[in-house]
1. If you scan the stretch A:368-383, which residues turn out to be crowded, with 19+ Cβ neighbours inside 10 Å and part of a helix (DSSP H, G or I)?
2. What pairs come up if the first residue lies in the stretch A:174-188 and is within 14 Å of another protein chain (Cβ to nearest Cβ), the second is surrounded by fewer than 24 Cβ atoms within 10 Å (Cβ to Cβ) and basic (Lys, Arg), and their beta carbons are under 8 Å apart, counting only those six or more places apart or on different chains?
3. Against the condition part of a helix (DSSP H, G or I), modelled with pLDDT of 90 or more and farther than 28 Å from residue B:70 by Cβ, how does residue A:325 come out, does it pass?
4. Consider residue A:245 carefully, then state whether it is among the β-branched types (Val, Ile, Thr), surrounded by fewer than 17 Cβ atoms within 10 Å (Cβ to Cβ), in the same structural domain as residue A:149 (by TED's automatic domain parsing) and at pLDDT below 95.
5. Name the residues in the stretch A:305-327 that are closer than 18 Å to residue A:189 by Cα, touching a Leu at 6+ places or on another chain (Cβ under 8 Å) and within 8 Å of another protein chain (Cβ to nearest Cβ), would you?
6. Looking at this structure, is residue A:81 surrounded by 17 or more Cβ atoms within 10 Å (Cβ to Cβ) and within 30 Å of residue A:140 (Cβ to Cβ)?
7. Looking at the stretch B:319-341, which of the residues that are over 17 Å from residue A:201 (Cα atoms) and in contact with a strand residue (DSSP E or B) (Cβ under 8 Å, 6 or more places away or on another chain) is modelled with the highest pLDDT?
8. Kindly provide the set of residues from the stretch A:242-269 that are in contact with a helix residue (DSSP H, G or I) (Cβ under 8 Å, 6 or more places away or on another chain) and free of Cβ contacts under 8 Å to residues at least 12 places away in the same chain, ordered by number.
Amino acid sequence: MAMTQRRPRTRREAQRAQGPFGRVQRLVDELDDRVGIAKGGRVFLDKIFPDHWSFMLGEIALYSFVVLLATGVFLTLYYVPSATIVVYHGVYKPLDGQKMSEAYRSSITLSFSVRAGLLMRQMHHWAADIFIGSIVVHMARIFFTGAFRKPRELNWTIGIALLSLAILNGFLGYSLPDDLISGTGIRIAYSILLSIPFVGSYLGSFLFGGAYPGTVILERFYIIHVLILPLVIMGLIGAHLGLLVRQKHTQFPGRGRTEDNVVGSPMYPTFMAKTTGFLLMVTGITGALGGWAQINPIWQFGPYQPPKISYAVQPDWYMGFLDGALRIMPSWEWTAWGHTIPWEVVLPALVFPGLVFTLCGAWPGLERKFTKDYALHNLLDRPRDRPKRTAAGAAMLSLLFTVFAASSTDVLASYFNVSLNSVLWFFRIAVILVPIVTGLITWRICIELQHLPGAVQRKRAMVVSRTADGEYVAVQAAPRPGDVHVELAPEPVPVRIDLEPEPAATVVTPEPGIRRVSR
Amino acid sequence: MTPEDSLGAGDPGALATDGHAAGDGERPTGVLPVASMDDPHLQDAARYPRRVEGIVALFFVLGILGVCAFGAAYVENADTQVLAASLAVGLFCLGFGLTAWGKYLMPQGPFVEARHPLASSKRDREAMAAALVERTGVVVKRRKMLGGLLATGMGIFGIVAVFPLLRSLGPKPGSSLFRTNWKKGSLLVDATGKPVHRTDMQVGGLLTVFPKGTETTATKEAVDQTVLVRVQSTPLVTMKGRTDWAPDGYVAYSKVCTHLGCPVGLYEQELELLVCPCHQSMFNVRDGAFPQFGPAPRPLPQLPIYFDGTGYLRARAGYDQPVGPGFWERTTQGNGKASAT
């Protein structure tokens with residue numbers, strides 16, 4: 001809005017013209033004249049965030065990504081992505097005089113000779129593990145509460161893309177130090193590339209710039225790890241949050257909460273204070289882990305040399321499900337007509353994760369199709385009220401966990417002093433049985449919980465008192481507000497949806513239980 | 001809306017997001033009611049805000065001390081643990097204080113915000129679809145030739161652009177996956193370049209060997225690595241057709257696992273099994289390294305070796321098949337099964 005009144009003559013007059021909010025008003029005016037921020041800005045400051053502990057899981061992911069960026073920038077200043085062979089003469093004496101790649105030497109040097117270098121490296125590694133872990137738990141929350149339903153299917157898909165990119169970038173990142181374990185990981189990744197029918201050998205040769213390991217792979221992993229994938233991930237996080245603001249949060253049913261409103265605390269100052277505090281706490285905890293919980297001690301593994309390997313080789317936890325799948329797969333290589341398809345690699349390392357991610361990505365569409373529920377949903381489900389979905393999610397998680405556990409067959413066999421063969425067959429059977437049993441049990445528990453008396457009520461305290469005769473009596477304490485949440489009762493899945501014409505956007509007085517969607 | 005509206009009241013108050021709720025004549029206000037007596041978790045804080053203020057202040061002071069200690073620890077080049085502890089205490093306490101401030105001393109509501117429907121009117125939707133369809137019609141239907149030419153040009157560019165992007169990355173695989181640097185007469189040397197004499201190893205001993213004369217680069221070591229095991233003291237025939245391949249019980253196999261290419265670096269002496277630590281494939285050294293267990297699909301290729309005139313081990317020939325994991329162009333199952341019968 002252009003200011004058209006006459007120019008003020010004195011300073012005091014100018015101040016008076018600014019109104020009661022002084023310089024802040026002036027800043028707002030100047031900005032608003034140019035970019036028009038006042039109306040949208042006010043709405044943004046008033047944006048309502050519903051409160052629930054499980055809504056913080058995504059924040060953990062976001063803030064560990066912030067930690068990753070900050071510590072990662074520090075690491076790039078010292079890490080050298082080079083396969084050139086050098087001889088180490090540094091402060092870490094056990095490696096003195098050993099031949100190693102410049103990448104490994106620079107990783108050792110930044111761990112031992114750069115101030116706070118080890119802290120930053122270990123914080124970076126911890127933050128990566130926390131990042132992916134919190135994404136998984138966040139997605140489980142989204143799944144089990146049905147937050148992925150229309151209109152949020154796209155954001156669910158973006159989340160799946162983010163998870164897969166985070167796993168990929170985690171792998172690239174822990175490959176960079178060129179220690180004995182990470183080098184073995186790169187070798188396995190190369191062999192998986194080779195296994196792809198028709199084009200495998202070409203992909204391998206192109207990515208590695210010739211035969212394995214060549215001299216360029218670390219440089220290529222480096223630029224992908226520090227530039228390309230972080231940019232893509234940042235872009236997707238931007239889209240993820242942008243959609244979240246546009247579509248607004250989901251919320252659990254409860255007093256005054258309807259499909260047409262959001263109930264909670266405002267962006268400024270409440271949510272901003274709480275979430276900034278949470279960022280600081282996540283960073284602080286990552287710092288504590290980075291200094292007190294050793295992770296990836298590359299100096300103990302030694303430099304990578306292709307003929308060398310150590311015992312109990314395991315990847316970081318988020319790659320464990322692939323490693324476990326590779327371990328329990330029978331050797332089913334096909335050779336015919338002068339060609340080979342190594343199914344024992346293709347199936348567990350490519351087809352299996354492909355199916356898992358595709359199924360997760362397709363779930364909102366599948367659920368829409370099978371339940372014929374095409375309505376917009378802003379209120380969350382309780383997992384027990386959707387037994388089939390909850391059972392499917394539990395089955396998938398248990399499948400992934402079983403395959404993950406199978407990545408430690410050798411350690412389990414050694415720890416429990418049983419034969420490796422028994423452990424292997426245990427997992428081959430468990431990987432089929434565990435998801436089925438878990439799914440059925442979960443489904444049954446959901447049904448039972450639905451029929452539990454008082455299931456949607458908060459537990460009331462019992463007051464135990466002693467009478468004059470010495471008799472003890474337990475009496476229920478007086479009810480507190482919110483003890484009975486009638487709105488928590490599940491909503492039936494609609495049969496037919498008619499979208500009524502939407503009225504003009506105004507602030508609507510909340511009417512509990514009324515939904516704009518009729519059926 | 002006044003603070004009393006939400007204090008103890010059952011219904012959440014509506015938040016004035018624009019001029020409508022505040023009324024046109026009034027001055028806009030941004031003040032929000034602070035505490036809610038409604039939530040049992042917040043009742044204490046609402047009644048005694050000074051207490052909460054004290055706790056928040058305490059955490060802020062601890063946080064200030066922590067970040068100061070972090071700075072001091074950095075200047076003093078203290079241990080990683082000291083750096084981490086001071087950083088963690090500093091940031092966690094500042095964060096905890098700020099979160100508590102936000103949770104107990106800032107406007108908590110519950111406030112209500114209406115969801116403005118995302119969907120546009122039916123008319124708007126139709127207008128957009130119409131614009132897309134009708135304007136595309138101008139391009140596609142009326143100027144078919146122009147559209148076709150442009151699409152052809154862009155399509156060709158899309159395809160040819162892929163070639164330099166991919167093709168410049170590295171050479172074609174060619175025969176690189178089929179070859180190692182072992183050839184007839186190659187002298188077996190260990191990692192330090194020392195040749196292996198027939199008296200060098202005891203029964204049960206194990207050594208990783210390479211062909212002499214090739215410079216040692218990681219890329220060559222990766223394919224040439226061969227594991228030499230002395231299984232017994234008399235000549236060993238691992239299978240039919242390999243009569244002179246293992247003199248004095250010295251037997252040599254490719255060290256590259258046929259599953260995923262890890263070095264088969266463990267040797268279980270009692271059972272005479274080579275074990276891959278990655279996915280636990282096990283290969284029996286006596287029977288041509290057939291996989292006894294695990295996901296490996298093929299035996300490890302065997303290198304035929306002999307003693308030269310001075311008693312040093314040499315290769316009789318190179319490997320008779322590609323070493324390592326399977327790939328599309330690999331032609332046969334390997335010599336193992338074919339010559340075993």
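1. A:383
2. A:180/A:308
3. Yes: the conditions hold for residue A:325.
4. Criteria met by residue A:245.
5. A:305, A:308, A:309, A:310, A:326, A:327, listed by residue number.
6. Criteria not met by residue A:81.
7. B:319
8. Listed by number, the list holds a single entry, A:269.
The values are calculated or read from the model by the stated rules, or taken from the named source; none is laboratory data. The model shown is predicted, which means the values in this text are computed figures rather than measured ones. Don't worry about glycine lacking a Cβ; one is built from the backbone with ideal geometry, like all the others, and counts go over all protein chains shown.
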